[in-house]
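Undergrad: Here it is, the structure in full.
The values are calculated or read from the model by the stated rules, or taken from the named source; none is laboratory data. Keep in mind that this is a model prediction, so the values were computed, not measured. Using ideal geometry, Cβ is built from the backbone for each residue, glycine included, and neighbour counts are taken over all protein chains shown. These area figures cover heavy atoms from the full protein model, side chains too; ligands, DNA and RNA do not enter into them. Shrake-Rupley method; radii C 1.70, N 1.55, O 1.52, S 1.80 Å.
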Amino acid sequence: MAEFYHAAKISDSVYWVGAIDWSIRDFHGYSTHRGTTYNAYLIMADKITLIDTVKKQFKEEMMARIATVIDPSKIDYIVSNHAELDHSGSLPEVIREINPEKVFASTQGKKVLNAHFPDELELDVVKTGETLDLGNLTLSFIETRMLHWPDSMFTILVEEGVLFSQDAFGMHLATSERFADECKSDIVHYETAKYYANILLPYSKLVKNLLVNLEKMNLDIRILAHDHGPIFRSNISEPIEWYRQWAEQKPVDRALIIYDTMWGSTARMANAIGDGLISSGVKVKQMPIGGSHRADIATELLECGALIVGSPTLNSNLFPTVADALVYIKGLRPQNLVSALFGSYGWGGEAFRQIREYLDAMKLEVVGEVRCQYVPGNDALADCFSLGKQVAEKVKGALQ
Ligand code: FEO
């Protein structure tokens, strides 16, 4: 038995056997300031079962954790809840090493895994409502297509009330603690919100439907064992309620101003717009894009009622950092926001048309815009202040 890693017991029969990635800071464009974990779970039933695996380079760490509990070759089944490579990257090697009796995935999971690993995997399909007899324990399955990949699936350990929810309810947070209630609650809330804003937001309608269906199923769930970060075991209704609220995307009396600036003019305009909002009783967060990661901008936007975008014009285009943020936000399909735009320019001012194209593509109501040639004087700053007040009135109107 290997003794250089620790497997954490999370219920009578389940051990966390995943891996902690303390050093990752970029997860395909998502800033992971606090690292992450890849959670895999070992169920010590009559039929010993592994739920998900880990990123390829962490396979040895996972196998060492498993070996502190059981000889890995004794694993009978593997269930793949999600085919993205942070959970399946080591799957072919793990299968070769332990030679399980069966490997299960959803219908779409089988397609996606076979596309990732052509001719390497033999997979059995499980569908919503089906169960798998582990001898003394039972697994049941719920396909959760597009939450957030076509293959995504929930698996439930019925007798112990453990919901293995893959990415859903997870967070990119590397900790020595395995349970969320052992961590600082504000950090858990922020990182769970960040995960929702950057991964699940485009699928909010499906999230709402899933939560309704889960409620109808009246399942006895006591542990939310997701695939990233510390696990929820006490008060699991709290993260479920967070998801319900985020999925609703109800308007909030808070505005987000994002901008970049070349010589400070657009920044001065941002300040005046912000003061207009504040003077009308709407809270403001300003994020100069040059110092703010797109994933953190998306997190702030999750609980806002307005998006206000400012850009200089550079070489007949949007400033590149503003383009990056808008491309990213557009992909996340935020709802129920009003918007406005502003900026300073020298001659062409092409940035305004380009910002509008993004706002229109997102189907956001545009309250107004302020254009300023070169440096804003008192008139331009007064127009910005007024624009802030107009946006504030729209935000407050949407709350009623
Ligand atoms: Fe954690 Fe969608 O992978």
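Undergrad: Note down the net charge around Ser165, summing +1 for each Lys or Arg and -1 for each Asp or Glu among other residues with Cβ under 11 Å from its Cβ.
TA: Details: positive: none; negative: Asp52, Asp167, Asp227.
Cβ neighbours under 11 Å give a net charge of -3.
Undergrad: Kirkwood hydrodynamic radius, computed over distinct alpha-carbon pairs, for the chain: how many Å, to one decimal? It would help to have the intermediate numbers written out before the result.
TA: Details: mean 1/r = 0.0441 Å⁻¹.
Result for the chain stands at 22.7 Å.
Undergrad: Do any of Lys59/Lys194; Lys111/Lys194; Lys56/Lys194; Lys194/Lys285; Lys283/Lys394; Lys9/Lys102 go past 18 Å between their Cα atoms, and which?
TA: Working: Lys59/Lys194 27 Å; Lys111/Lys194 29 Å; Lys56/Lys194 25 Å; Lys194/Lys285 16 Å; Lys283/Lys394 13 Å; Lys9/Lys102 24 Å.
Among Lys59/Lys194; Lys111/Lys194; Lys56/Lys194; Lys194/Lys285; Lys283/Lys394; Lys9/Lys102, the Cα-Cα distance tops 18 Å for Lys59/Lys194; Lys111/Lys194; Lys56/Lys194; Lys9/Lys102.
Undergrad: Which helices, taking whole DSSP H runs in the chain, have alpha carbons extending 30 angstrom or more along the helix axis plus mean Kyte-Doolittle at least 0.0? Before the final figure, lay out the partial values.
TA: Details: long enough: 378-399 (32 Å, 0.07).
Long hydrophobic helices here: 378-399.
Undergrad: For the chain, what % of the accessible area comes from carbon and sulfur atoms, probe 1.4 Å? Walk me through the numbers on the way to the answer.
TA: Values: 8230 of 16610 Å².
Carbon and sulfur together cover 50 percent of it.
Undergrad: Return a whole-number percent for the relative contact order of the chain, with Cα pairs under 8 Å and 6 or more residues apart as the contact set.
TA: This gives 12 percent for the chain.
Undergrad: Pulled fully out, how much extra length does the chain show between His6 and Asn136, if you take 0.36 nm times their separation in residues and subtract their Cα-Cα distance?
TA: Numbers: separation 130, 0.36 × 130 = 46.80 nm, distance 2.54 nm.
Stretched fully, the His6-Asn136 segment lengthens by 44.3 nm.
Undergrad: OK, next. Using label points projected 7 Å from each Cα along Cα→Cβ, tell me how many nm separate Lys250 and Arg371, to one decimal.
TA: In this crude spin-label approximation the distance works out to 3.9 nm.
Undergrad: Follow-up question, since we're still on this one. Placing +1 at every Lys and Arg Cβ and -1 at every Asp and Glu Cβ, with all other atoms neutral, what dipole size does the chain have around its Cα centre, in debye to the nearest 20?
TA: On the way: 39 positive and 52 negative charges, 262 e Å.
Here the chain has a charge dipole of around 1260 debye.
Undergrad: I've got another one for you. Compute the signed sum of charges (Lys and Arg +1, Asp and Glu -1) over the other residues within less than 13 Å, Cβ to Cβ, of Glu130.
TA: Values: positive: Lys127; negative: Asp124, Asp133, Glu143.
Once positives and negatives cancel, what remains is -2.
Undergrad: Among Ile231, Met287, Tyr190, which residue has its Cα furthest toward the positive end of the charge dipole of segment 172-305, with +1 on Lys/Arg Cβ and -1 on Asp/Glu Cβ?
TA: Going by the Cα projections, it comes out as Met287.
Undergrad: Distance from the Cα centre of segment 331-354 to that of segment 173-223, in angstrom?
TA: 32 Å
Undergrad: Set Lys and Arg Cβ to +1 and Asp and Glu Cβ to -1, take the dipole of the chain about its Cα centre, and tell me which of Trp246, Trp149, Ile257 lies farthest positive.
TA: Ile257
Undergrad: Under 1.5 on a/c is rounded, so check that first for segment 1-129, then, if it is not, pick prolate when a/b is larger than b/c and oblate when it is not; a ≥ b ≥ c are the square roots of the alpha carbon gyration tensor eigenvalues.
TA: Oblate.
Undergrad: Could you give the dipole magnitude of segment 103-220 about its Cα centre, charging the beta-carbon of Lys and Arg +1 and that of Asp and Glu -1, in debye to the nearest 20?
TA: Values: 10 positive and 18 negative charges, 128 e Å.
With only Lys, Arg, Asp and Glu charged at Cβ, the dipole is about 620 debye.
Undergrad: What is the pair-distance distribution P(r) of segment 310-393, computed from all Cα-Cα distances in 10 Å bins starting at 0, with each bin given as a whole percent?
TA: Calculated over all Cα pairs of segment 310-393, the distribution is 18, 48, 31, 3 percent.
Undergrad: How high is the relative contact order of segment 180-264, given as a whole-number percent (alpha carbon pairs under 8 Å, six or more residues apart)?
TA: On the way: 38 pairs, mean separation 30.4, N = 85.
Computed value for segment 180-264: 36 percent relative contact order.
Undergrad: For segment 198-300, give the magnitude of the charge dipole about the Cα centre (Cβ charges: +1 Lys/Arg, -1 Asp/Glu; no others), in debye to the nearest 20.
TA: With only Lys, Arg, Asp and Glu charged at Cβ, the dipole is about 140 debye.
Undergrad: Let me ask another. What is the extension gain from Lys363 to Arg96, computed as 0.36 nm multiplied by their sequence separation minus the C-alpha to C-alpha distance, in nm to one decimal?
TA: Details: separation 267, 0.36 × 267 = 96.12 nm, distance 4.92 nm.
Between Lys363 and Arg96, full extension yields 91.2 nm more.
Undergrad: OK, next. Averaged per residue, what accessible surface does segment 320-400 expose to a 1.4 Å probe, in Å²? If you can, show how the numbers build up before the last one.
TA: Details: 4080 Å² over 81 residues.
Spelled out: the 1.4 Å probe surface of segment 320-400, per residue, equals 50 Å².
Undergrad: Let me know the shape class of segment 155-232, please: from the alpha-carbon gyration tensor, a ≥ b ≥ c as square roots of the eigenvalues, rounded when a/c is under 1.5, otherwise prolate if a/b is greater than b/c, or oblate.
TA: On the way: a/c = 2.23, a/b = 1.18, b/c = 1.90.
Taking the square roots of the gyration eigenvalues as a ≥ b ≥ c, segment 155-232 is oblate.
Undergrad: Could you provide, to the nearest whole Å², the per residue accessible area of segment 129-175 with probe 1.4 Å? Before the final figure, lay out each step's value.
TA: On the way: 1220 Å² over 47 residues.
Heavy-atom SASA per residue in segment 129-175 reads 26 Å².
Undergrad: So what are the radius of gyration and Dmax for the Cα set of segment 251-313, in Å?
TA: 11.3, 33
Undergrad: Give the calculated FRET efficiency between Lys74 and Lys285 to the nearest 0.05, with a Förster radius of 51 Å applied to their Cβ-Cβ distance. Don't jump to the answer; show the numbers that get you there.
TA: Details: r = 52 Å, r/R0 = 1.03.
It comes out at approximately 0.45.
Undergrad: Right, something else. Which listed residue (Val54, Ile273, Leu42) has the Cα farthest towards the positive end of the charge dipole for the chain, taking +1 on Lys and Arg C-beta and -1 on Asp and Glu C-beta about the Cα centre?
TA: Of the options given, the answer is Ile273.
Undergrad: Please sort 330-341, 94-105 by packing, taking for each peptide the average over its residues of neighbouring beta carbons within 10 angstrom, highest first. Let's see the in-between values first.
TA: Working: 330-341: 19.7, 94-105: 17.4.
Descending mean neighbour count gives 330-341, 94-105.
Undergrad: Calculate, in nm to one decimal, what Glu177 and Asp379 gain on full extension: separation in residues at 0.36 nm each, minus their alpha carbon distance. The partial results should precede the final answer.
TA: Details: separation 202, 0.36 × 202 = 72.72 nm, distance 5.52 nm.
Gain in length upon complete extension: 67.2 nm.
Undergrad: Straight distance only, please: which aspartates and glutamates reach the Cα of Lys127 with their own Cα at less than 18 Å, same-chain residues fewer than 8 apart left out?
TA: By straight Cα distance, Lys127 reaches Asp52, Glu143, Asp151.
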